[in-house]
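Have a look at the structure below, then the notes.
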Amino acid sequence: MQHAAFGTSAEVRIRLGGPAGFGIKAAGQTLARSFVRAGLSTFDLTEYPSLIKGGHNTYHLRVSPDELFSHVEPTDVLVALDRATVDLHLAELTDGAALVYDPATVDVSDLAPEGLCLVAVPFDDIVKEAGGAKIMRNVAALGAVLGHMDFPIEHLAESLRAQFAHKEPQVAEQNVAVATGGWEHARRNACEFPHTLAPIEGAPKRILVDGNEAVGLGALAAGIGFYAAYPMTPASSLLHFMATRAEKAGVIVKHPEDEIAAMNMVVGAAFGGTRAMCATSGGGFSLMVEALGLAGASESAVVVGLFTRPGPATGLPTWTEQSDLRFAIHAAQGEFPRVVLAPGDRADAFELTWRAFNLADVLQTPVILLGDTYLSDNRQSVTPFDTASVQVERGELQVEGDVEGYLRYKVTESGISPRVLPGVEGAQQIVNSYEHDERGWGSLGEDASTRAAQNEKRMRKLELARTIVPPARRYGPQEAEVSVICFGTTKQPVREAMRKLAAEGLAVNMLQVVTVWPFPADEVAAFLRGAKRTVCIEGNLTGQLQGLVREQCLMDVDESLRRFDGRPFSPEQVEMKLRGVAGRA
Amino acid sequence: MPEPSEFDTALKPTWCPGCGNFGMFTALKAALAELGWEKSGFAVFWGIGCHGNGADFYDVAGFHALHGRALPAATGFALTRPDMRTIVIAGDGDGYGLGLGHFVHSLRRNVEMTCITHNNQIYGLTTGQASPTTEHLMRTPSTPAGVLEEPVNPVGLALASGATFVARGFSGDVAHLTGLYTQALQHKGFALIDVFQPCVTWNKLNTHPWFRERVYKLEESGHDASDRQAAFELSMSTFHDMTCTPEECRVPIGVFFAEEGRPTYQDGLSQLDRPMWKHAQAPRDVAAMVEELG
């Protein structure tokens, strides 16, 4: 049975495609910024191979007057900078879709244009006429997209002027001239565009942000003083984000020799009382694991970003997956408390990051932010982050003055031993990777009762953690035909599918496990007990979240949907599964 | 001004009787006392090995880090606490094995800190296996037919990596070693002191008598410590092997090279104007940065 498409008739999906090195993503983001300036909502999805030049790159942009939760599969306007783009994406075009191309470089004479509008625009000629560089063909294409949609050009012009504000004024004006050339050319086209998307005057302000930017802003808001990272996709852009703001904001940003150094530096900075963080993907995290254990043993307050891409080993560097859940929870030898938070979207990423620093400080233990490429790489228009809500809680920490008879690892009921920073008079202490006594001495840590007492003291912090970590979030109605459990970014396509199904009379609710460790067994069990049919949706092969549900709740879900081909779940795929679970396929 | 004994804790060192670590322990406490360093003014980072067991014996603010990783942990501290000084105490197995990459990068970074390496040319704590500085062809439990690799040359490697202060000490000459420490601790930049400290239990070749017959002091030999090329040639030509006689094989101790005035890594960080924990006394205002994303 054919189901209706996602979104209203006002919604438009645009795909730009071409070889790597053509500036596809940058051009797409310029277009997204223009729509956001026009008061609309956007959600983008960049797909690219791990190459600098060549290979197929695409940028998919969804634009709507309504709030968007995720990307979708279909395309209404396909901009093809090469013929491969046409062949790879023809099947996803909707009825009345447009193909925008330069006939001088892309030959489409073999295509039957039934239900398809061929918008031939001489990108290269337009660029030449304006005296621009060849790379500016993208800008001509952006103008053509808007022209075909009968959408005003001024937001794009504004966006280009802002983008090139730091260059000679003629650069911006040349870009605007090229965009306008493309726009005017496409407007001469006779086809009717079946969608009516218009700017919204006086719409509330939105920002355009990807997950790494959201994490970076959360860390800055939290008062981070040290960030260390070795480049690894998809975490690298966070390193760039922090580095460009380091001097002005007052943060030391270090790109060291490897992830081992990065993580050890972060632990050393935390010893000095500085709020410190690193981020990487699974391969880099593998190298950090020993120092993660060091943070646990030494009771160091550190935040680690683990932004998953498909593994194992080098895997698929530029694609997405949710296969590091168990790794994040179990990494490092021995037993120690940790908190693992899984942001599901950009607003989550900002909030959970600043909260991660508070949790790390209060609990004096590592906190892991578990994200993925889908979150890191893709931008979404969102309400500006609520920076006024940010709080700094440093826990039991003495930074100045003096102290006598200090015991760094004093055994307490809560498991929290007050911290006194090096530099405070009398704060002699050994922060230790060895098991240790209350003073921090390793040689006395071998005593059996001391070992047991320190081990239990540390793990008591996990009980404290349970009372202060962010709770799981429920979406949808209390009563539903289908109940979904998920973590991380899978929340986004699930919310998109839920909205559509609700409008069609199928009630679905969802529990997003925000703190994946310590696992919220009581909340999950209560959710499952109150559900009719349950399904666990997650981006891995073996069902890592479902396994946790079984292990921690002694319960199971009725069905599961897993994806492990490097691509994020689409709402279409989720919708189909939810219909099936409800018996309404 | 503190006395050397004020840096003692209630615990007595557990190193083997006669271990070279005792001389290094005495010399460092003496240098700290001589320089008048207050305990609240510096932090010490150790790796894992017999040297690291010293963490319990110094009454200081310290961090007993992972095997081979004392340098990056110390770097994180040094780059965020400009109000304190940083000392690293490493071992040859620890610092020149797993830690060799960090060693080279720390040198080229010229982070302001002092790195003292206990070099006994053997793994002590894990019972006598070959270390990266064990002599070529020496037999150990992990190399019963003899070590087939050339030993790491810490002084030469440091010089080649852009070191601004490189010295070699001998734990059997505490007064001389104390002098090297006081110079290194005052150096503005990354200071390396590689110290031969015989392992009396596992290294039956490079013993106290072996060194006593071979060491000589650079400052008495006319060596120009401002000449990197001369220092490098010296580090290569005197790099001893296990078969050499006391006459052939002379082991220089002292300052190989010292250069003042080269910018440190910290000098390049204009934002390092306060202890970096001070940025977390209240939320940082990022509203303008959020707005920029519009």
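For this structure, a couple of remarks:
- Put in line by how crowded their Cβ is, counting other Cβ atoms within 10 Å and starting with the fewest, A:S300, B:S40, A:S443 read A:S443, B:S40, A:S300.
- Note on the stretch B:1-111: antiparallel DSSP beta bridges, both residues inside, total approximately 10 percent of the bridges counted.
- Largest-first principal axis extents, alpha carbons of the stretch A:209-389, Å: 42, 36, 28
- Cα gyration tensor, the stretch A:152-299 - rounded (a/c under 1.5), prolate or oblate: prolate
- Cα-only Debye scattering, the stretch B:7-76: base-10 log of I(q)/I(0) at q = 0.14, 0.19, 0.22, 0.26 Å⁻¹: -0.44, -0.81, -1.06, -1.31
- Bins of 10 Å from zero: percent of alpha-carbon pairs in the stretch B:179-269: 14, 40, 31, 13, 3
- Its Cα gyration tensor gives the stretch A:1-50 an equivalent ellipsoid, and the semi-axes of that ellipsoid, as √(5λ) in whole Å with the largest first, are 24, 18, 7.
- Quotient of Cα Rg and 2.2 N^0.38 Å for the stretch A:407-513, N being how many residues it contains: 1.80
- For chain A, the longest principal axis of the alpha carbon atoms and the long axis of helix A:211-221 meet at an angle near 50°.
- Whether chain B is rounded, prolate or oblate, judged on the alpha carbon gyration tensor where a/c under 1.5 counts as rounded: prolate
- Once the Kirkwood radius over Cα pairs is known for the stretch A:334-442, the Stokes-Einstein relation at 25 °C and 0.890 mPa s delivers a diffusion coefficient of 149 µm²/s.
- Entry for the stretch A:12-187 at q = 0.09, 0.13, 0.14, 0.18 Å⁻¹: log10 I(q)/I(0) = -0.27, -0.58, -0.68, -1.18, Debye formula applied to identical alpha-carbon scatterers, no solvent contribution.
- Share antiparallel - DSSP beta bridges, the protein assembly as shown, percent rounded to 5: 25 percent
- Cα-based convex hull, the stretch A:115-213, per residue volume (Å³, whole number): 144 Å³
- A convex hull fitted around the alpha carbon atoms of the stretch A:177-229 yields 212 Å³ per residue.
- What you get for the stretch A:393-532, charging only the Cβ of Lys and Arg (+1) and of Asp and Glu (-1), is a dipole of about 760 debye around the Cα centre.
- Partnerless cysteines in chain A, where a partner means another cysteine C-beta under 4.7 angstrom, comprise A:C278, A:C486, A:C536, A:C553.
- Loop-located trypsin sites (Lys or Arg not before Pro) in the stretch A:153-187 whose Cβ has at most 15 other Cβ within 10 Å (DSSP): A:K167
- Helix A:448-468 and the longest principal axis of the C-alpha atoms of chain A enclose an angle of approximately 40°.
- 9 Å beta-carbon shell around A:L156, net charge (K/R +1, D/E -1): 0
- Here the stretch A:329-397 and the stretch B:216-294 have alpha carbon centers that stand 36 Å from each other.
- In terms of its Cα atoms, the stretch B:10-147 spans 51, 35, 22 Å along the principal axes, sorted from long to short.
- Cβ-placed point charges (K, R +1; D, E -1), dipole of the protein assembly as shown about Cα centre in debye, nearest 20: 780 debye
- Percent antiparallel among DSSP beta bridges (both partners in the stretch A:12-187, rounded to 5): 50 percent
- Amide proton proximity set for A:T318, modelled H, under 5 Å, gap of 5+: A:S50
- Sorted by Cβ neighbour density within 10 Å, fewest at the top, the residues A:M576, B:M113, B:M1: B:M1, A:M576, B:M113
- Residues whose amide H lies under 5 Å from that of A:I252, counting only those 5 or more places away or on a different chain, are A:F226, A:Y227; hydrogens are built 1.01 Å from N in the peptide plane.
- Chain B - percent relative contact order, Cα under 8 Å, separation 6 or more: 18 percent
- Sequence-separation-based contact order of chain A, relative, with Cα cut under 8 Å and 6+ spacing, percent: 12 percent
- For the pair the stretch A:257-325 / the stretch B:28-58, the C-alpha centres are spaced 29 Å from each other.
- Extent along principal axes [Cα atoms of the stretch A:56-131; Å; largest to smallest]: 40, 32, 23
- Folded to 0 to 90 degrees: helix A:282-298 orientation relative to chain A principal axis, Cα: 30 degrees
- Above 21 Å, the calculated P(r) of the stretch A:98-166 contains 32 percent of its Cα-Cα pairs.
- Taking chain B as a Gaussian network of alpha-carbon nodes connected by springs under 10 Å, the highest mean-square fluctuation of the residues B:C19, B:C115, B:C244 belongs to B:C244.
- Of B:P275, B:P13, B:P132, the residue with the greatest mean-square motion in the GNM of chain B, using alpha carbon springs below 10 Å, is B:P275.
- Size descriptors for chain A: radius of gyration and Dmax over Cα atoms are 26.0, 86 Å.
- Of the residues B:A230, B:A158, B:A280, the one that moves most in a GNM of chain B with alpha-carbon contacts below 10 Å is B:A280.
- Above 21 Å, the calculated P(r) of the stretch B:111-242 contains 43 percent of its Cα-Cα pairs.
- With 10 Å bins from 0: P(r) over the stretch B:206-246, alpha-carbon pairs, percent: 23, 49, 26, 1
- Sorted by Cβ density within 10 Å, fewest first, the residues A:F123, A:F151, A:F336: A:F336, A:F151, A:F123
- Diffusion coefficient, µm² s⁻¹, Stokes-Einstein with Kirkwood Rh over alpha-carbon pairs of the stretch A:473-581 at 10 °C and 1.306 mPa s: 117 µm²/s
- Rounded to the nearest 20 debye, the dipole magnitude of the stretch A:421-480 is 400 debye, with +1 charges on Lys and Arg beta carbons, -1 on Asp and Glu beta carbons, and the Cα centre as origin.
Coordinate-derived values only; no laboratory data. These figures come from a predicted structure and were not determined experimentally. Neighbour counts are summed over all protein chains in view; Cβ atoms, including those assigned to glycine, are modelled from backbone coordinates with ideal geometry.
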